[in-house]
């Protein structure tokens, strides 16, 4: 299968704090990979390194087999313009939505298409509407984000990322800021995307989503990948004490027998 | 750029600027004390439940906030004596203009401070049998004034800069003395640069201090 | 008892009107140049490139801590010696108040930009926007809305400060008043009328700004000071 994203020997530190200590992983086309780990394990930082919201301290990121940035004497350097165009090919959805409050839902979804991809307004609008339909919000196109529920906001944010026609989608704890009753609609949308064959890398605490939707689960601890495998296997039979403790901490989720 | 800077005449005549600086500091002290204390009284009146107090205070604030200080100084210098027969020298005109203006601005600062205190504080004062004045003095004002301290300091900085306006009616302060130096030695560039530097050197630490004060108070609140 | 006599004032009222017009002209020009310049200073101060940030901070602080009258004298009397320009009261006034107000506008811009949630930058970045695009399309439109009250307050301060140009003989309302007071020997009436004119002008602007601020508060927008 075609590798969309590959990461080699990735390190990230903030000042003296080493958050990621040598990560190697890949995401194949059409695959949904879930990153699990307790807070501080580095899973969000890893996700943010994939589209260079954070620039890695060391290591390499490949998109479709092409190295991002350029290497001279073992040091990576990145041009801002290269990173911008990279980000158009990698969609990202945040915990706190980050919708643009001064724009309508439709304008939010059109913005990147027009400003960055230079699509015509007509094309951007029809694409925006199509993506809003896809997440079930076709009727909210003219609303402002402030008038939407948290779940609706997050679905708009998903549509905004999808409208750029990305090769892969990153989800950074997208249900953590939602009221419990709104989590379901967002997870449903994500599952639908996975079923449609979207390539996804997901940081979440929703073990149910990991169990039912993910093709692969990675468990991060202390900045390294501690365990990796198919969810049905790894969630039921964790090899390490750290992962067992982590799963016990999420006792709300009962694994099917 | 053919000009060669020559600060020798400035340094030779340093006492001319020194006299000016003393004049600046003196008028600053007088106006800032009058302005900030008068402002407190007017601010309290402005907030008072009695209209007999709050309306005149409001009128005062509006008049002096909405006219330029220079107009006020000139008015007190040229018009006020005709109206009242009182002899007004440059110092008095400048003091009246600047301190009345400062009263109006600081009154609004004090009022905002008093208004920012949660109603529960008034009720707590009332509940232990305090009168309005007692609550205000013992409970509300100490907290309110602490909160608006950065705003008051900023006002103080404005007053210090405003003191240069006294030169317009020929009160002897720094800028006025610099005018004198510039005329005498034909070196306006050095004279005015010196004044700008003097003000910057005096006020810059104060401004930085205000930032620190703001941060400290934010933490404590 | 003083006898008020306004006849002299009103027979030459057009002099004062010309002054009023010039006052508004200087204010408008200072805003025209000062606001964009303030944005440039603010962005420079926020820059990660330290020499630029430091220089901008120094210029801003310098013009905020020195008295505007000193700045005006400097530009009027000193600058022509330093560079070979023919300085007129008009140019000196526009230059001084543009730069002076830009230092204050810079801090308003900076406050506005910094008040915008970090997530907005991230949201823009994630769809591939450059720093410039994020700033223009996402951050500034939101920041400017929050800045409006502080911006109007500063503009009113600017209007009041323009009275200083009378000291370098630019024919603003204050200067025309001095002129008329000397001509008519009626300083009481002239200065009282002029004080009233300033009051009405500034009061109207203040009330407008209060109205706008209330509107913004109703629409749920937070503002920065």
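The values are calculated or read from the model by the stated rules, or taken from the named source; none is laboratory data. Everything numeric in this text was worked out from a predicted model, so none of it was measured. Neighbour counts run over all protein chains shown; Cβ positions are idealised from the backbone, glycine included.
Based on what the data block shows, is residue C:208 touching a residue at least 60 places away in the same chain (Cβ under 8 Å), more than 10 Å from chain B (Cβ to nearest Cβ) and farther than 17 Å from residue C:15 by Cβ?
no
With a cut-off of at least 3 residues that are within 14 Å of chain B (Cβ to nearest Cβ), name the helices (runs of 4 or more DSSP H) lying wholly within segment C:1-108.
Here the list reads C:13-46, C:50-65, C:68-73, C:79-82.
With the structure loaded, tell me whether residue B:214 is more than 8 Å from chain C (Cβ to nearest Cβ) and under 15 Å from residue B:20 (Cβ atoms) or whether it fails that test.
no
Would you tally the residues in segment B:157-191 being in a loop (DSSP other than H, G, I, E, B) and facing chain C (nearest Cβ under 8 Å)?
The number of residues fulfilling the criteria is 0.
Looking only at segment B:5-45, count every residue that is farther than 24 Å from residue B:176 by Cα and either out of contact with any helix residue (DSSP H, G or I) (no Cβ under 6 Å at 6 or more places or on another chain) or surrounded by fewer than 13 Cβ atoms within 10 Å (Cβ to Cβ) (or both) and tell me the total.
3
Within segment B:46-92, track down each residue that is under 24 Å from residue C:160 (Cβ atoms), away from chain C (no Cβ under 14 Å) and crowded, with 19+ Cβ neighbours inside 10 Å.
If the condition is that a residue be under 24 Å from residue C:160 (Cβ atoms), away from chain C (no Cβ under 14 Å) and crowded, with 19+ Cβ neighbours inside 10 Å, then B:46, B:57, B:90 are the ones that fit.
Report whether or not residue C:126 is more than 10 Å from every other protein chain (Cβ to nearest Cβ), crowded, with 19+ Cβ neighbours inside 10 Å and either in contact (Cβ under 8 Å) with a residue 60 or more places away in the chain or touching a strand residue (DSSP E or B) at 6+ places or on another chain (Cβ under 8 Å) (or both).
When the stated conditions are applied, residue C:126 does not pass them.
For segment A:117-136, check the following and say yes or no: at least one residue is surrounded by 14 or more Cβ atoms within 10 Å (Cβ to Cβ), in contact with a helix residue (DSSP H, G or I) (Cβ under 8 Å, 6 or more places away or on another chain) and within 22 Å of residue A:5 (Cα to Cα).
yes
Go through segment A:105-119 and give me each residue that's under 17 Å from residue C:140 (Cα atoms) and either more than 8 Å from every other protein chain (Cβ to nearest Cβ) or in contact with a strand residue (DSSP E or B) (Cβ under 6 Å, 6 or more places away or on another chain) (or both).
Those that are under 17 Å from residue C:140 (Cα atoms) and either more than 8 Å from every other protein chain (Cβ to nearest Cβ) or in contact with a strand residue (DSSP E or B) (Cβ under 6 Å, 6 or more places away or on another chain) (or both): A:107, A:108.
Looking at segment A:100-113 only, could you name the residues that are closer than 22 Å to residue A:176 by Cα and within 18 Å of the chain's Cα centre (by Cα)?
Matches in segment A:100-113: none.
Every residue in segment B:183-221 that is modelled with pLDDT under 85 and under 14 Å from residue C:74 (Cα atoms), please.
Within segment B:183-221, B:186, B:187 meet the criteria.
Here's the yes/no breakdown for (1) within 12 Å of another protein chain (Cβ to nearest Cβ); (2) out of contact with any helix residue (DSSP H, G or I) (no Cβ under 9 Å at 6 or more places or on another chain):
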position: A:163; (1), (2): yes, no
position: A:173; (1), (2): no, no
position: A:178; (1), (2): no, no
position: A:188; (1), (2): no, yes
position: A:197; (1), (2): no, yes
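Could you grab me the full set of residues in segment C:129-142 that are surrounded by fewer than 23 Cβ atoms within 10 Å (Cβ to Cβ), at the interface with chain A (Cβ under 7 Å from one of its Cβ atoms) and either touching a helix residue (DSSP H, G or I) at 6+ places or on another chain (Cβ under 9 Å) or under 15 Å from residue C:46 (Cβ atoms) (or both)?
Result: C:130, C:133, C:137, C:142.
From the list B:109, B:114, B:145, exactly one residue is away from every other protein chain (no Cβ under 14 Å), under 24 Å from the mean Cα position of the chain (by Cα) and under 19 Å from residue B:60 (Cβ atoms). Which is it?
None of the other options fit; the residue is B:114.
Has segment A:77-99 got any residue that is in a strand (DSSP E or B), away from chain C (no Cβ under 14 Å), over 30 Å from residue A:208 (Cα atoms) and under 19 Å from the mean Cα position of the chain (by Cα)?
No, that holds for no residue.
Look at segment C:109-123 and say how many of its residues are within 12 Å of another protein chain (Cβ to nearest Cβ) and surrounded by fewer than 20 Cβ atoms within 10 Å (Cβ to Cβ).
Matching residues across segment C:109-123 total 7.
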